[in-house]
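The values are calculated or read from the model by the stated rules, or taken from the named source; none is laboratory data. Not measured: the values here are computed from a predicted model. Ideal geometry is used to build each Cβ from the backbone, glycine not excepted, and the neighbour counts take in all protein chains shown. Just so you know, the surface numbers come from the protein's heavy atoms only, side chains and all, with ligands and any DNA or RNA stripped out. Shrake-Rupley method; radii C 1.70, N 1.55, O 1.52, S 1.80 Å.
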Amino acid sequence: MQVNMSFSHDMDDEYEKLIRRMNPPRVVIDNEACKNATVIRVDSANKHGILLEVVQVLTDLDLIVRKAYIASDGGWFMDVFNVTDQDGNKVADEEVLEYIHKSLGPEARFASSMRSVGVKQSMDSTVIELTGSDRPGLLSEVSAVLTNLKCNVVSAEVWTHNTRAASVMRVTDEETGLAITDSQRLARIKELLCNVLKGSNKTRGARTVVSHAVTHTDRRLHQMMFADRDYERVDDDVLDDKQRPDVSVVNLHDKDYSVVTIRSKDRPKLLFDTVCTLTDMQYVVFHASIDAEGPEAYQEYYIKHVDGSPVKSDAERQRVIQCLEAAIERRVSEDLKLELCTTDRVGLLSDVTRIFRENSLTVTRAEVATKAGKAVNTFYVRDASGYPVDSKTIESIRQAIGQTILKVKGNTEDTKTGSEESPTRFLFGGLFKSRSFVNFKLIRSYP
């Protein structure tokens, strides 16, 4: 019997709407219950992905989760989060509190768990997704191709991990400032970018996707790198034991749960990265406890696969451990942090990447945004040979960008020039934007 999948999906949506009307979610925000944090309690009907939806809302507001308790046995989901702002204070902004109520409470616009993390059509920009082997200068090549094709990079996020690179970029037509819709032009963009990604590497695939879908960038990057198997270790890409998160998975046979425990250095978005990975691996969190009040974060999850079974084999257990380690490591960088703010213009990305590449810098992570005509960009860089950036390189960059405001926090380390290329962390070489650099900061960062 042939089944109309669209009809089936619509029926699922209607059923979720009915359940939601019968059991509307409740959100309670309390600034009195805890001395040093705002307490947010969310009660709602349970469904796969609900925990990720809640964590994503808190993360997108740049809130820090200090403690959390989650329970979702049966058909009801209950969780409590102790959160602060980036400065460690309680959340006092009424607009932020109201947004939490509207996003998680009964007034929230209905969305299925698949679409809630954000797949929707947009004609404002064209989305380009890139995955491939990392190497020095790759981002410079990508940005140069986009500039030659008269594409303006509106925003981009770039991650590198374990010799792999992934990026989600939003571009517009140089002349109209709108999304690119011509099918032949889109095919040409995809073809040329795929050729750049492939390079001379024949051992691992490259992938380019061009669409008008708007997704949640961080989650999409996790999905892309997971699909690219960046969690598979390269023999010579071994982190120091102190840097690697401590992840364990054991089964509670009397309860049919698998217990995942994670100890790692705390940092922003850590909870999101963990929950995102468990959700995309099709595991359901039934209970969880999070403690991140000190420099180290402790996470404990009681999970089952969506089919109701705990982790079934040692191979599956090792895969869960590797994937969670990778999810935590992707966003971590102890490289030099550069922040750039200047007037946006077409070709800015290409110019900055070229300057980085000419000064032997490789980018290990990047965030690029455009706000009110200003390019606001953050780069994590190191010497292309895998060493920290030395002071001579910084001075060369200062001379190359002309009139600037340049600040450095922490000491850059003079390094030996290595002839051997590091097998890891070779991003797309440089990044984003401008001959008229108004504000360019270098900051030592340890997320």
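When restricted to residues that are open to solvent by less than 10 Å² (accessible area, probe 1.4 Å) and either in a strand (DSSP E or B) or at positive phi (or both), the range 348-364 contains 4.
Within the range 290-303, which residues are in contact with a strand residue (DSSP E or B) (Cβ under 9 Å, 6 or more places away or on another chain) and open to solvent by less than 40 Å² (accessible area, probe 1.4 Å)?
Taking the range 290-303 and keeping what is in contact with a strand residue (DSSP E or B) (Cβ under 9 Å, 6 or more places away or on another chain), we get 290-293, 295-303.
The answer is ILE290, ALA292, ALA297, GLN299, TYR301, ILE303.
Would you confirm whether or not the range 12-29 contains a residue that is touching an Asp or Glu at 6+ places or on another chain (Cβ under 7 Å) and modelled with pLDDT of 90 or more? Scanning the range 12-29, I find at least one residue that is touching an Asp or Glu at 6+ places or on another chain (Cβ under 7 Å) and modelled with pLDDT of 90 or more, so the answer is yes.
Looking at THR160, THR181, THR176 in this structure, which one is open to solvent by less than 10 Å² (accessible area, probe 1.4 Å) and either in contact (Cβ under 8 Å) with a residue 24 or more places away in the chain or on the phi < 0 side of the Ramachandran plot (or both)?
Working: THR181 fails: open to solvent by less than 10 Å² (accessible area, probe 1.4 Å); THR176 fails: open to solvent by less than 10 Å² (accessible area, probe 1.4 Å).
Going through THR160, THR181, THR176 in turn, just one is open to solvent by less than 10 Å² (accessible area, probe 1.4 Å) and either in contact (Cβ under 8 Å) with a residue 24 or more places away in the chain or on the phi < 0 side of the Ramachandran plot (or both): THR160.
In the set (1) closer than 18 Å to ILE70 by Cβ; (2) open to solvent by 20 Å² or more (accessible area, probe 1.4 Å); (3) assigned to a strand (DSSP E or B); (4) not small (Gly, Ala, Ser), the condition left unmet by VAL250 is number (1). The residue that is nearest to ASP85 (Cα to Cα), counting only those in the range 21-43 that are in a strand (DSSP E or B) and without any contact (Cβ under 8 Å) to a residue 60 or more places away in the chain, is THR38.
Looking only at the range 30-44, which residues are modelled with pLDDT of 90 or more and surrounded by 12 or more Cβ atoms within 10 Å (Cβ to Cβ)? Within the range 30-44, ASP30, ASN31, ALA33, CYS34, ALA37, THR38, VAL39, ILE40, ARG41, VAL42, ASP43 qualify. If you take the residues in the range 365-389 that are surrounded by 16 or more Cβ atoms within 10 Å (Cβ to Cβ) and among the small types (Gly, Ala, Ser), which one is modelled with the lowest pLDDT? The qualifying residue modelled with the lowest pLDDT is GLY386.
Among the residues of the range 90-118, those identified as modelled with pLDDT under 65, open to solvent by 90 Å² or more (accessible area, probe 1.4 Å) and either of a type in the set (Lys, Arg) or assigned to a loop (DSSP other than H, G, I, E, B) (or both) are ARG109, ARG115.
With respect to the conditions (1) surrounded by 20 or more Cβ atoms within 10 Å (Cβ to Cβ); (2) over 28 Å from GLN282 (Cα atoms); (3) modelled with pLDDT under 90, MET123 falls short on a single one, namely (1).
For the subset of the range 45-69 comprising residues that are in a strand (DSSP E or B) and modelled with pLDDT of 95 or more, which member is most open to solvent (accessible area, probe 1.4 Å)? Outline the logic, then answer.
First, pick out the residues of the range 45-69 that are in a strand (DSSP E or B): 45, 64-69.
In the following step, the residues that additionally are modelled with pLDDT of 95 or more were identified as 64-69.
Details: ILE64: 22, VAL65: 26, ARG66: 58, LYS67: 51, ALA68: 0, TYR69: 110 Å².
Result: TYR69.
What are the residues in the range 128-175 that are assigned to a strand (DSSP E or B) and either farther than 26 Å from LYS337 by Cα or of a type in the set (Gly, Ala, Ser) (or both), if any?
Step one: list which residues in the range 128-175 are assigned to a strand (DSSP E or B), which gives 128-133, 151-161, 164-173.
Within the range 128-175, GLY132, SER133, CYS151, SER155, ALA156, ALA165, ALA166, SER167, THR172, ASP173 meet the criteria.
Just one of (1) of a type in the set (Phe, Trp, Tyr); (2) modelled with pLDDT of 95 or more; (3) in contact with a helix residue (DSSP H, G or I) (Cβ under 8 Å, 6 or more places away or on another chain) fails for PHE77. It is (2). Remark: pairs (first residue in the range 188-200, under 18 Å from THR163 (Cα atoms) and assigned by the TED database to the domain that holds ASP228; second residue part of a helix (DSSP H, G or I) and among the charged types (D, E, K, R); Cβ separation under 7 Å; 6+ apart in sequence or on different chains) = VAL196/GLU141.
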